[in-house]
Amino acid sequence: MKHHGLLDLNEAIQNPGVKLSFEVQTELPEEEDLDLIEPITGSIEAVCTGNALLINAKFKTKCVVECARCGEPLEKELAFEMEDDFAVEGVPSCYGSDGYAEVVCDEPYPLFKGNNLNPDLYSRQGLFVSMPDQPLCQFGWDGPCPNAAITEKLKDGGHPGMQILEQFRSEDNA
Ligand SMILES: [Zn+2]
């Protein structure tokens with residue numbers, strides 16, 4: 001079963017040693033500068049040591065990025081793994097009936113709501129880290145790139161109309 005929305009990790013947090021796992025899928029709908037062709041899918045595992053919540057996750061997705069040289073759109077498959085730990089405060093309820101342990105998270109955005117993890121925000125962190133810095137199209141950096149040739153010509157010679165004018169002028173002089 002694939003989960004949408006918050007993941008309830010309370011059972012793991014109140015019972016150190018109990019491992020929970022979730023299958024997740026998200027399309028990160030609130031992301032404007034990100035072009036996903038396929039949703040992010042993967043799994044998240046959570047286990048608590050008592051004073052730390054350990055999270056392990058594996059995700060994959062497919063997105064469109066731009067070639068760093070020529071700006072040509074490229075499809076990239078991304079697979080990434082994440083490992084994080086978060087501090088837990090309080091006594092887990094399994095140690096005493098009046099105990100309650102809670103995750104403490106100092107991220108500037110609400111990664112956790114109580115003991116519920118937001119898988120969209122979590123996977124987003126890993127996605128941005130694993131995005132290629134300088135993706136390149138099939139022509140790479142070296143050698144001729146037909147896409148780059150167009151943009152480079154425009155840069156060197158100014159407006160294409162002016163280049164044609166320049167050509168006529170030199171033909172007149174010849
Ligand atoms: Zn290129």
_For the range 89-94, 3J(HN,Hα) per residue [Karplus equation, 6.51 cos²θ - 1.76 cosθ + 1.60, θ = phi - 60°, Hz, x = Gly/Pro]_ = 10, x, 9, x, 5, 5
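Between Glu45 and Asp133, how high is the FRET efficiency from 1/(1 + (r/R0)^6) when r is the Cβ-Cβ distance and R₀ = 22 Å? Nearest 0.05.
The computed FRET efficiency comes out at 0.15.
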*For the range 2-143, what is Rg from Cα atoms divided by 2.2 N^0.38 Å, rounded to two decimals?*
1.26
*Relative contact order (%) - the range 36-98, alpha-carbon pairs under 8 angstrom, separation at least six*: 32
*Any idea what the relative contact order of the range 70-150 is, in percent, if you count C-alpha pairs under 8 Å spaced at least 6 apart?*
29
*Name the long-range amide H neighbours of Cys145: under 5 Å, sequence gap of 5 or more, or other chain; modelled H, no Pro or chain starts.*
none
*Given the C-alpha centroids of the range 26-56 and the range 105-133, what is the distance between them in whole angstrom?*
7
*Among the GluC sites (Glu not before Pro) within the range 18-94, which fall in a DSSP loop and have no more than 16 other Cβ atoms within 10 Å of their own Cβ?*
Glu27, Glu30, Glu31, Glu32
*Across the range 132-146, in residue order, what do the Karplus-derived ³J(HN,Hα) couplings come to in whole Hz, using 6.51 cos²θ - 1.76 cosθ + 1.60 with θ = phi - 60° and x for Gly and Pro?*
x, 5, 10, x, 10, 6, 4, 8, x, 7, 9, x, x, 10, x
*asked:* Out of the total accessible area of the range 1-139 (probe 1.4 Å, heavy atoms of protein only), what percent is carbon and sulfur?
replied: 43
_Taking θ = phi - 60°, what integer Hz values does the Karplus form 6.51 cos²θ - 1.76 cosθ + 1.60 yield along the range 95-107, in sequence order, with x for Gly and Pro?_
8, x, 5, 9, x, 7, 9, 9, 5, 10, 10, 9, 5
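The values are calculated or read from the model by the stated rules, or taken from the named source; none is laboratory data. A quick note: this is a predicted structure, and the numbers were derived from the prediction, not measured. Glycine also receives a Cβ, built like all others from the backbone with ideal geometry; neighbour counts cover every protein chain displayed. Heavy atoms of the whole protein, side chains included, go into the accessibility calculation; ligands, DNA and RNA do not. Shrake-Rupley method; radii C 1.70, N 1.55, O 1.52, S 1.80 Å.
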